[in-house]
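The next block holds one structure in the form of structure tokens; read it before the comments.
The values are calculated or read from the model by the stated rules, or taken from the named source; none is laboratory data. Keep in mind the model is a prediction, meaning the values are calculated, not measured. Every residue, glycine among them, receives a Cβ derived from its backbone with ideal geometry; neighbour counts consider all protein chains shown.
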Amino acid sequence: MDPDPEVVTDEGARARMVATGWPWRVRHRESGAELLLVPPGEFMRGSLEESDEYMPDEYPPQHMIVDRPYYLARTELTRAQWLAVMEPGPESWGENDGDKPATDVTFDQIQEFLGQSGLGLPRNSEWEYACRAGTTGQRYGPIDEIAWYSDNSTEPMPVGLLKPNAWGFYDTIGNVWEFTSTFQQDLRRYWTKEPQTVIAEDEIQSLKRSIRGGGGGLQPIDMRAPYCLGQFPDRARNSVGLRAAFHLPNATVTGGESDG
């Protein structure tokens, strides 16, 4: 199946998708999640210029190469998709909230979901690459058209209601933060050039994982493609969820980042 030009509006990305030989769109049988193909390419990770909307660890930008395609969920994983694999969900979920993002789950609980579903999480750079969808600014569109944030929401909203990016992904900016597989500590060392240290096995689970995209109720400065925070793996928050990925054989990202 070739990419739909009404969904993937980036002509160059469509050509790279077709060239991979992989289907553009697939559906995960067990959860029902729809995943779209992310083509190989390259991008500048971080903020391209110093401005009022950047953090010190986003500048200068870093050139990254994604040399293999991978699949990424079109929307944040919903509560209905989570419950199709895992029973039960958190008590905070309402009976009619199936289209809202799966939040109030820890990174450790997410690992159980991924183990049962066969899905994965995107690496930090894979997340930003797909979020940007060929753009170079802080966001892939006007914030009021693409994101749930402090001016228009105070809680997670049903997925897919606002404008997607040029590759067809919804809510990568705003609504809820999304876990990646990358250790936040590794990212900070990379940007600040701190020396690497050996991490003991019993310390790994105490390290924060990178979360991306911002969430409802936060200010515009938190709603940006390069912005990154960390979340401890044993903590759950109403503003943190996930976007599932599926990695094809030998998929890699180069440019210096150490991924968990």
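Would you check which residues across segment 59-95 are farther than 23 Å from W22 by Cβ and among the aliphatic types (A, V, I, L, M) and list them?
Quick first cut of segment 59-95, residues farther than 23 Å from W22 by Cβ only: 59-63, 78-80, 82-95.
A80, L83, A84, V85, M86, listed by residue number.
Please verify whether segment 10-22 includes one or more residues that are on the phi < 0 side of the Ramachandran plot, surrounded by fewer than 18 Cβ atoms within 10 Å (Cβ to Cβ) and among the hydroxyl-bearing types (S, T, Y). Step through it out loud before you land on a result.
The first filter runs over segment 10-22 and keeps only residues on the phi < 0 side of the Ramachandran plot, leaving 10-20, 22.
Within this subset, residues satisfying the condition of being surrounded by fewer than 18 Cβ atoms within 10 Å (Cβ to Cβ) are 11-12, 15-16, 18-20, 22.
In the following step, the residues that additionally are among the hydroxyl-bearing types (S, T, Y) were identified as 20.
Yes.
Considering every residue within segment 151-169, establish whether at least one is at pLDDT 90 or above, in contact with a Cys (Cβ under 8 Å, 6 or more places away or on another chain), surrounded by 23 or more Cβ atoms within 10 Å (Cβ to Cβ) and not charged (D, E, K, R). Please lay out each step first, then the result.
Let us first name the residues in segment 151-169 that are at pLDDT 90 or above, namely 151-153, 155-169.
Adding the requirement that they be in contact with a Cys (Cβ under 8 Å, 6 or more places away or on another chain) leaves 165, 169.
Filter once more, so that each one left must be surrounded by 23 or more Cβ atoms within 10 Å (Cβ to Cβ): 165, 169.
Right, trim to not charged (D, E, K, R) and you get 165, 169.
Yes, segment 151-169 contains a residue that is at pLDDT 90 or above, in contact with a Cys (Cβ under 8 Å, 6 or more places away or on another chain), surrounded by 23 or more Cβ atoms within 10 Å (Cβ to Cβ) and not charged (D, E, K, R).
Just to check your reading of the model, which residue among A15, A33, A80 is out of contact with any Phe, Trp or Tyr (no Cβ under 6 Å at 6 or more places or on another chain), more than 23 Å from G215 (Cβ to Cβ) and at pLDDT 95 or above?
Values: A33 fails: more than 23 Å from G215 (Cβ to Cβ); A80 fails: more than 23 Å from G215 (Cβ to Cβ).
Sole residue among the options that is out of contact with any Phe, Trp or Tyr (no Cβ under 6 Å at 6 or more places or on another chain), more than 23 Å from G215 (Cβ to Cβ) and at pLDDT 95 or above: A15.
Among the residues of segment 8-63, write down those that are of a type in the set (S, T, N, Q) and either more than 18 Å from F246 (Cα to Cα) or assigned to a strand (DSSP E or B) (or both). First the steps, then the outcome.
So in segment 8-63, the residues of a type in the set (S, T, N, Q) come out as 9, 20, 31, 47, 51, 62.
Result: T9, S47, S51, Q62.
Scan segment 79-92 and report the pairs whose first residue is without any contact (Cβ under 8 Å) to a residue 40 or more places away in the chain and whose second residue is of a type in the set (D, E, K, R) and in a loop (DSSP other than H, G, I, E, B), with Cβ atoms within less than 9 Å and a gap of 6+ or a chain change.
Listed by first residue and then by second, the contacts come to R79/D97; R79/D99; R79/K100; G89/D104; E91/D104.
I'd like the residue in segment 213-260 that is farther than 19 Å from I65 by Cα and charged (D, E, K, R) and, out of all such residues, is modelled with the highest pLDDT.
Here the residue is R243.
Residues in segment 11-31 that are within 16 Å of R74 (Cα to Cα) and out of contact with any Ser or Thr (no Cβ under 9 Å at 6 or more places or on another chain): how many?
9
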